[in-house]
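S.K.: Quick one: the structure is below, and I'll ask about it shortly.
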Amino acid sequence: MDLLQQLLQVSAQLFKHLSELPPDKERDDYLQITERLLDERGAIIEKLQQLEVNPLPGHPFEMQLRELDERIRKRLKAQKDEISTDIKNLHLSKKSERSYVDPYASVRVMDGSYFDGKK
């Protein structure tokens, strides 16, 4: 099979996979499949870059591959943003949980001490 045809096939699989957002419980499996497809795609792109002549310009698959690449990048960025938002929310919930456990942890009071400001 031609390398460009393989790249188109793997890119289409990745795009289809990224189209379906998983529930939170299945996110780990989803991310593993995404990583595997990205690795496959990266390996094919490396093989294409090692060729002396770039077969992509003027090839019938060129427009499809460029469009798929742009859409894949957008979906990956959206998923990255979603994951970073989830991480921020997790940190906030941990912080608020700690404030319930020890509500006076952030208070810096030196009881029984007196500092004279005059010299």
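S.K.: For Tyr30, Tyr100, give me the order by solvent-accessible area with a 1.4 Å probe, most accessible first, ignoring ligands, DNA and RNA.
M.R.: Tyr100, Tyr30
S.K.: Under 5 Å between amide H atoms, partner at least 5 residues away or on a different chain: which partners does Phe61 have, H built in plane at 1.01 Å?
M.R.: none
S.K.: Could I ask something else about it? Separation of the stretch 78-94 and the stretch 27-53 by C-alpha centroid, Å?
M.R.: For the stretch 78-94 versus the stretch 27-53, the Cα centre distance is 26 Å.
S.K.: Using a 1.4 Å probe over the heavy atoms of the protein chains, calculate the carbon and sulfur portion of the accessible area of the chain as a whole percent.
M.R.: Ligands and nucleic acids excluded, carbon and sulfur reach 53 percent.
S.K.: Any idea which of Ala43, Leu31, Ile72 is furthest toward the positive side of the dipole for the stretch 20-84, if Lys and Arg beta-carbons carry +1 and Asp and Glu beta-carbons -1?
M.R.: Ile72
S.K.: Span-like helices, the chain: DSSP H, alpha-carbon axial extent 18 Å or more, mean Kyte-Doolittle -1.0 or greater, which ones?
M.R.: Span-like helices in the chain: 3-19, 27-50.
S.K.: With a 1.4 Å probe and all protein chains kept in place, how do Ile33, Ile44 rank by accessible area, largest first?
M.R.: Ile33, Ile44
S.K.: I've got another one for you. Among (i) 1.90; (ii) 1.49; (iii) 3.82, find the value of Cα Rg over 2.2 N^0.38 Å that was calculated from the structure presented, and write down its label.
M.R.: (i)
S.K.: Right, here's the next one. Considering only protein heavy atoms, what is the solvent-accessible area of Glu35 at a probe of 1.4 Å, reported in Å² to the nearest 10?
M.R.: 110
S.K.: What lysines could a cross-link reach from Lys16, if we take a straight Cα to Cα line under 22 Å and drop same-chain neighbours fewer than 8 places away?
M.R.: Output for Lys16: Lys25, Lys74, Lys77, Lys80.
The values are calculated or read from the model by the stated rules, or taken from the named source; none is laboratory data. Quick caveat, the model's predicted, so the values are computed rather than measured. Positions of Cβ are backbone-derived with ideal geometry, glycine not excepted, and every protein chain shown enters the neighbour counts. Surface areas here come from the heavy atoms of the whole protein model, side chains and all, with no ligands, DNA or RNA. Shrake-Rupley method; radii C 1.70, N 1.55, O 1.52, S 1.80 Å.
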